[in-house]
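To keep things clear, I will list the structure first and then write my remarks on it.
The values are calculated or read from the model by the stated rules, or taken from the named source; none is laboratory data. The structure displayed is predicted, hence computed values, not measured ones. Virtual Cβ from ideal backbone geometry, glycine too; neighbours counted across all protein chains shown. Surface areas here come from the heavy atoms of the whole protein model, side chains and all, with no ligands, DNA or RNA. Shrake-Rupley method; radii C 1.70, N 1.55, O 1.52, S 1.80 Å.
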Amino acid sequence: MEQNNRHIRALELDKVLLMLAKETTCDDAYESALQIEPSTGLYEVKVQLQETDDAYMLMGRFGSPSFGGFHSVTNALRRADAGGMLTMRELLSIAEVLRVLRSLTDWRKRSAGVETSIDWRFESLSPNKYLEDKITGAILSEEEMADNASPALSDIRRKIRAASSRVREQLDKMIRSPSYQKYLQDSIVTIRGGRYVVPVKAECRGEVPGLVHDTSSSGATVFVEPMGVVEANNDIKVLKSKEEAEIERILSELSAEAGSFADSIIQGYQAAVELNLLFAKARLAYKMKASLPIMNDNGMIELKQARHPLIDAKKVVATDIQLGIRFDTLVITGPNTGGKTVSLKTVGLLTLMAMCGLMIPAADNSRLSVFHQVLADIGDEQSIEQSLSTFSAHMMNIIHILDEADPHSLVLLDELGAGTDPVEGAALAMAILEALRDKGAKIAATTHYAELKAYALQTPGVENGCCEFDVATLRPTYRLLIGVPGRSNAFAISERLGMSGSIVERAKELVSAENTRFEDVVETLERSRQGLESERQEAARLSAAAQQAQKEARDQQDQIKRQCEAELERARVEARNLVARARAQTDALLNELDDLRKQKKKVDAETKARLNAGLRSMENDADPVKERQTDQYVLPRKLKAGDEVLIFDIDKQATVLEEEDSSGNVLVQAGIIKTRVPVKNLRLMEKKKIKKPVGSSTRTVRSRAEAPVMRELDLRGQSAMEAIMDLDNFIDGAVLSGINMLTVIHGKGTGVLRKAVHEHLRRHPSVKSYRLGVFGEGEAGVTIVELK
């Protein structure tokens with residue numbers, strides 16, 4: 001256990017747990033946070049992470065629940081359950097716990113509708129409003145019991161106040177009496193030992209008969225209880241004793257009541273502590289801008305934009321790290337202070353955090369594995385007391401790691417083989433890596449040895465990695481690059497710092513040719529990588545710009561569509577208004593014709609033609625659609641009923657109902673509208689046969705606006721009952737189609753059918769008014785109906 005704790009401390013998990021503990025609000029949750037240990041089972045880890053994620057989600061949607069500053073009441077409740085009497089402070093602590101349980105339950109009810117994995121914890125809270133109110137109603141503070149705690153206590157305190165008032169009245173008379181004022185040090189009434197007294201000059205002690213209860217520090221004043229109030233003070237003393245006895249009785253009663261609920265309150269308190277810890281994890285995740293990792297137990301690690309949680313968020317550099325997917329061993333090289341150790345600690349610490357049920361500071365969809373143990377050799381282990389050098393201390397630690405490692409282990413080794421002869425150190429490092437790989441462990445190690453770089457290049461399952469270094473600025477970028485061996489950059493750094501060029505050149509000559517070629521290859525790879533990285537960034541920038549342009553184009557298209565729809569709606573409204581005005585003018589003209597008929601003036605054909613021409617002119621003037629300029633189109637043949645045509649000036653399809661009349665007009669139907677259109681304004685449309693793909697099916701759904709609805713109903717020759725049924729269907733269809741003027745043909749005859757129609761129209765809820773036709777409409781043989 002001590003060895004395991006040492007590895008955990010090396011990765012600084014204890015510091016993260018301290019950060020978590022500071023997010024809690026009660027002592028038990030604080031201690032629980034510090035005592036969290038990584039879980040080694042995948043199912044258990046997934047459950048813990050899901051609970052943390054659910055708390056994170058609830059906090060984001062509904063805010064953080066209030067836990068207050070509640071404290072443990074387990075010991076007090078167990079003592080009360082055993083028959084002990086609790087103090088007012090302990091009872092108030094129990095009431096505070098009950099208030100927190102009730103507050104948490106109410107908070108969850110307000111966020112109802114979302115099922116989570118922590119709902120069972122809320123259901124375990126067991127609030128007790130009855131006991132909470134009973135305690136808070138009886139106890140005002142840690143030292144004061146309320147008067148209404150019991151009728152007996154209220155009665156006793158009333159008597160105490162009355163007796164005290166009588167004593168004060170007597171003493172007030174005494175201190176105001178001229179015969180006693182000369183003996184008093186001050187004209188006041190005070191209390192000593194729970195009894196009312198007056199301050200008397202020491203030399204006048206014999207002048208005021210009574211009992212002395214106290215003396216001032218100077219000895220100049222004695223506090224005397226006059227004999228006249230001794231009996232009244234005795235009564236108060238007796239009442240005070242009764243008050244204390246009644247308070248003890250009330251405390252015993254409340255303690256027994258609390259003890260009877262001890263188990264449910266303790267269970268609710270423990271659930272509240274666990275919830276407090278869960279929401280502390282959620283708050284820490286928000287502060288770290290953390291995400292939920294995808295867990296596995298086969299050693300796969302893929303961290304995206306991972307950040308070390310103990311480094312200042314303004315300074316930390318996010319990095320991508322992989323292990324256990326394409327390779328089981330990662331060898332990280334590079335200069336000192338370049339970020340190698342931070343990368344190593346980031347892998348280990350984030351793994352331990354996830355195993356503790358904590359969300360990790362990395363991008364979404366990062367993957368981590370559950371390990372049975374995380375073994376780390378990081379930092380300077382030099383021990384003066386044990387007479388161990390740095391190398392020896394590292395070797396002792398690695399020996400323990402070799403003994404404990406297995407296929408379910410994550411091994412992190414910092415500066416492997418350092419502190420001794422480079423040749424022997426490099427050989428020892430390779431041997432250690434091979435031994436750990438034979439055990440099936442997942443390994444990440446840092447080193448300076450070029451031999452290990454070559455070992456990683458030549459060995460399957462072992463991958464190079466380096467922390468990027470900018471030679472131009474002599475500063476590391478702290479980014480981990482997988483698949484690229486690191487360079488020491490010693491020559492370049494020394495030269496930029498001002499070292500003589502001749503010395504640097506001589507040093508290069510002293511380096512072996514093989515090593516020089518290796519470094520040249522690494523340098524070439526690095527230049528290629530940087531070029532590819534620049535190209536990738538440029539491609540990403542262009543892709544983002546293209547996506548933004550596409551989005552703007554879609555937004556502009558949607559805006560144009562909305563504007564078109566708004567313009568069409570405005571045109572429809574204007575058209576309806578124009579038609580209404582034209583209809584009003586038409587009705588006026590028809591009324592004029594009706595007057596002519598009533599005056600029995602004969603209207604010749606010329607007058608009728610003039611009136612019809614006036615009507616057509618009125619319709620043309622009211623037309624809101626501007627006609628398109630006609631072209632030199634010639635119909636390929638004469639139009640006949642059933643032909644599909646295009647009304648050219650308004651770009652509307654229609655169906656021919658009647659052939660061309662003598663005036664060159666054709667009766668067509670466009671939608672629900674029948675109208676006569678000049679033949680030169682029509683274009684014959686060719687019927688195209690559309691070949692349906694095999695296996696497809698189509699269905700034509702005709703909208704209400706497209707369904708043909710007649711404006712005229714002929715009821716002649718029907719019985720009254722048949723006519724009424726047809727009339728009902730006729731009116732219903734007109735209402736659904738938005739038509740408000742109808743013509744009903746019933747004929748003149750005996751007038752029975754007309755009477756039945758009028759009687760029905762009078763009661764119909766959709767009919768606004770009706771009238772007989774006038775000259776040109778059918779006169780008494782038709783009825784014009786106006787719908788609501």
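Numbers at a glance
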| read-out | value |
| --- | --- |
| Members of LYS46/LYS287; LYS453/LYS508; LYS159/LYS182; LYS129/LYS159; LYS561/LYS788 lying beyond 25 Å, as alpha-carbon distances in this model show | LYS159/LYS182; LYS129/LYS159; LYS561/LYS788 |
| Label-point separation in nm, LEU667 to SER165, each point 7 Å along Cα→Cβ | 10.7 |
| Where the Cα pairs of the range 139-272 fall when distances are cut into 5 Å bins, in % | 2, 9, 16, 15, 12, 10, 9, 8, 6, 4, 4, 3, 2, 1, 0 |
| Theoretical gain in end-to-end length, GLU253 to SER177 [0.36 nm per residue, Cα-Cα removed] | 22.5 nm |
| Two-site label geometry, SER769 and THR675: point separation in nm, points 7 Å out along Cα→Cβ | 2.6 |
| Radius 14 Å from Cβ of PHE371, net charge of other residues (Lys, Arg +1; Asp, Glu -1) | -3 |
| Sequence of MET288, MET19 when ordered by accessible area, the most exposed leading, probe 1.4 angstrom | MET19, MET288 |
| Nonlocal amide H pairs with VAL370, under 5 Å, H built at 1.01 Å | ASN296, ASP297, ASN298, GLY299 |
| Isotropically averaged projected area of the range 218-367, using the convex hull of Cα atoms (one quarter of hull area), nm² | 21.8 |
| Full-extension gain in nm, LYS15 to SER260, via 0.36 nm per residue minus C-alpha separation | 84.0 nm |
| Radius 14 Å from Cβ of GLN305, net charge of other residues (Lys, Arg +1; Asp, Glu -1) | +2 |
| Whole-Hz ³J(HN,Hα) from phi, Karplus 6.51 cos²θ - 1.76 cosθ + 1.60, for the range 65-75, glycine and proline x | x, 8, 9, x, x, 6, 10, 5, 10, 4, 4 |
| The range 186-228: C-alpha gyration tensor shape, a/c 1.5 cut-off, then a/b vs b/c | oblate |
| Exposure of HIS408 as accessible area (Å², to 10), given a probe of 1.4 Å and all protein chains | 80 |
| Globularity ratio of the range 220-290, using Cα Rg and 2.2 N^0.38 Å | 2.40 |
| Counted charge near ALA256, where neighbours are those whose Cβ lies closer than 12 Å (Asp, Glu -1; Lys, Arg +1) | 0 |
| Computed FRET value (nearest 0.05) for ASP406 with ASP119, which takes r as the C-beta separation and R₀ as 56 Å | 0.90 |
| Segment GLU567-LEU657, extension gain: residue separation times 0.36 nm, minus the distance between their alpha carbons | 29.3 nm |
| Cα-projected label distance for SER64 with ARG110, points at 7 Å along beta-carbon direction, nm | 1.5 |
| Heavy atoms of LEU457: accessible area, 1.4 Å probe, square angstrom to 10 | 100 |
| Carbon and sulfur %, accessible surface of the range 138-258 computed with the full protein complex present, 1.4 Å | 49 |
